[in-house]
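Presented below is the structure to which this report refers.
Every number in this text was worked out from the coordinates using simple rules, so none of it is lab data. These numbers were taken from a predicted model, which means no experiment stands behind them. Here the Cβ is made from the backbone with ideal geometry for all residues, glycine too, and neighbour counts use every protein chain on show.
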């Protein structure tokens with residue numbers, strides 16, 4: 001497919017090396033490697049999210065309690 005629009009971005013030397021390494025592993029051009037990463041990210045982000053991480057769910061009440069405690073301390077001052 002012919003592409004008629006150009007998109008450029010700045011990157012540092014480490015990022016450029018990472019793109020070159022990815023392109024070599026994929027046996028594609030660097031632009032194809034970047035395109036692959038973008039398309040894959042969009043695909044993964046558009047999938048419905050699985051159940052939340054239980055560790056994060058358990059942390060929510062603790063955070064709420066912590067906020068209430070801090071509010072109580074502030075109210076007493």
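The requirement of being assigned to a helix (DSSP H, G or I) and loosely packed, with under 11 Cβ neighbours inside 10 Å is not satisfied by residue 21. Among the residues making up the stretch 24-48, those that are out of contact with any helix residue (DSSP H, G or I) (no Cβ under 9 Å at 6 or more places or on another chain), part of a helix (DSSP H, G or I) and surrounded by fewer than 13 Cβ atoms within 10 Å (Cβ to Cβ) are 38, 39, 40, 41, 42, 43, 44, 45, 46.
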